[in-house]
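What follows is a set of notes on a single structure, which appears directly below.
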Amino acid sequence: MKNLNTYPITPGFLKQASKSILAVLSCVMLTAGCASNMANFTGVESQNRNIVKMVRIPYNIRFGDGVVEMNNDEIAKLNNFLMTTNVSYGDEFSMDFPLDRNGNLTDLNKGRVTYVSNLLKESGLYLSAKITPYGMEPSEGFGRLLISKYVVTPPNCGDWTQRPNPNYGNASISNIGCASQANLGLMVANPRDLIIGATGAPPNAERTAGAVQRYQTRTITVAPATTGSTSSTGN
């Protein structure tokens, strides 16, 4: 059996090996650094959108036993509740009352719904005629007023964690369209419109035709121009 030739480890050999190892490590680090700066699109990137959620605020109204109306103390408490909840445009109002086995209201509770509806009308608020079940049924002599608010949360703009290129699949960039979506969410009067949209009234052809007829047949009169207010002088 032949003996393998052995090479003596000299300072020159160690120096040459160190240079080779450093060159390899430099290439690895350079490649890793380039890879970390490259875009990584998956094709299913999430879009920047406004998040709209409905929040319901309950308030228990106390009625007297067998009585439709509320006393003055309960009315004052209701008014204070409406002021502290910051009622705004787009808020929806409904009531929750116990229902019978057929899902109907008793005549007493129907009268209470009408009473609360008329009470809210004095403040310019509209109460839905539909009952909205919410959790456990109210106790006897109580009703539950529900305020449904739609709250919008705009997207968090300024996300530049994803590089825009290379983008061979034409995927959506992380921050594209974010400002437009955020401004829309901040400007909308009723966030519910971002989900469903407002329903328009049915078309009225008679009203449209009347406007056209008045435009075509009415004689336009122009008031004489004035130079300002006149003043009279006395002796």
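Placing +1 on the Cβ of every Lys and Arg and -1 on the Cβ of every Asp and Glu, with nothing else charged, gives region 67-188 a dipole about its Cα centre of roughly 420 debye. Convex hull volume of the Cα atoms of region 51-153, normalised per residue: 105 Å³. Applying both filters, DSSP loop and at most 16 other Cβ atoms within 10 Å, to the trypsin sites (Lys or Arg not before Pro) of region 124-181 eliminates every site. Using a simple spin-label model with pseudo-atoms 7 Å out from Cα toward Cβ, Ser172 and Glu206 lie 4.7 nm apart. Neighbour counting of Cβ atoms within 10 Å sorts the residues Tyr89, Tyr126, Tyr134, fewest neighbours leading, into Tyr89, Tyr126, Tyr134. Size check on region 114-195: the Cα extents along the three principal axes, sorted descending, read 67, 29, 18 Å. The order of Asp193, Asp107, going from fewest to most other C-beta atoms within 10 Å of their C-beta, is Asp107, Asp193.
So if I take the centroid of the Cα atoms in region 109-156 and the same for region 49-63, what is the distance between those two points in Å? Here the two parts' Cα centres lie 9 Å apart. Beyond 20 Å in Cα-Cα separation lie the following of the pairs Lys53/Lys149; Lys77/Lys121; Lys77/Lys130; Lys121/Lys149: Lys77/Lys130.
Rule-based calculations on the coordinates, nothing more; no lab input. Computed from a predicted structure; not experimentally measured. Note that we place each Cβ from the backbone using ideal geometry, even for glycine, and neighbour counts take in every protein chain shown.
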